[in-house]
Amino acid sequence: MKLAEALQARADLNTRIAQLRARLNNNALVQEGESTAEDPNALLKQLNDCIRELQDLIARINLTNSTVKTEGKTLTEWIAARDALTLKLSVCRDLVNTASSGAYRARGTEIRIKPAVSVKDLQDEVDAMAKELRLTDNRIQAANWANDLM
């Protein structure tokens, strides 16, 4: 199984676990003399099986990510770099949007508000970061499809 397939399986298991949680909650209580639509004990067994499978898959994904190298870095390092860059890009985009919104004065005696940063320079940096993020994500995706799960 390729790493990318394992990542898809992990997402499917997380969805399945969320569905089982909802089904368990829907069948947790029943009126005296009635029965639930589904057996909560059977649902708990399914939940436990899914969680065991997820635990194994996560461990194997993490092992693979920490072992596989691409361009001199492990996938774990690339993922950390992508996450950090995504966070920085989000903050800088917000700053550009805030600094770009002008406050206009109606009369000459009112206080004038102006950007405290160079919007153009910051926008250029945001554009460069966005490109770097795309390239980083492409590296990660290529490695996910090129490498087998450990």
Is it true that some residue in segment 26-35 is surrounded by 14 or more Cβ atoms within 10 Å (Cβ to Cβ), outside the structural domain of Ile113 (by TED's automatic domain parsing), at pLDDT 95 or above and not hydroxyl-bearing (Ser, Thr, Tyr)?
yes
(message) Can you say whether Leu57 is buried (at least 16 other Cβ atoms within 10 Å of the Cβ) and not assigned by TED's automatic domain parsing to the domain that holds Arg16, as far as the supplied structure shows?
(response) no
Over segment 68-94, the set of residues part of a helix (DSSP H, G or I) and either among the basic types (Lys, Arg) or in the same structural domain as Leu3 (by TED's automatic domain parsing) (or both) is Arg82, Lys88, Arg93
Condition test on Arg139, is it assigned by TED's automatic domain parsing to the domain that holds Arg10 and either assigned to a helix (DSSP H, G or I) or closer than 30 Å to Asn26 by Cα (or both)?
no
- prompt: Taking Leu3, is it aliphatic (A, V, I, L, M) and not assigned by TED's automatic domain parsing to the domain that holds Ala146?
  reply: yes
Pro115 passes all but one of the listed conditions (1) in contact with a helix residue (DSSP H, G or I) (Cβ under 6 Å, 6 or more places away or on another chain); (2) in a helix (DSSP H, G or I); the exception is number (2)
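The values are calculated or read from the model by the stated rules, or taken from the named source; none is laboratory data. None of these values were measured; they are calculated from a predicted model. Cβ coordinates were reconstructed from backbone atoms using ideal geometry, including for glycine residues, and neighbour counts include every protein chain displayed.
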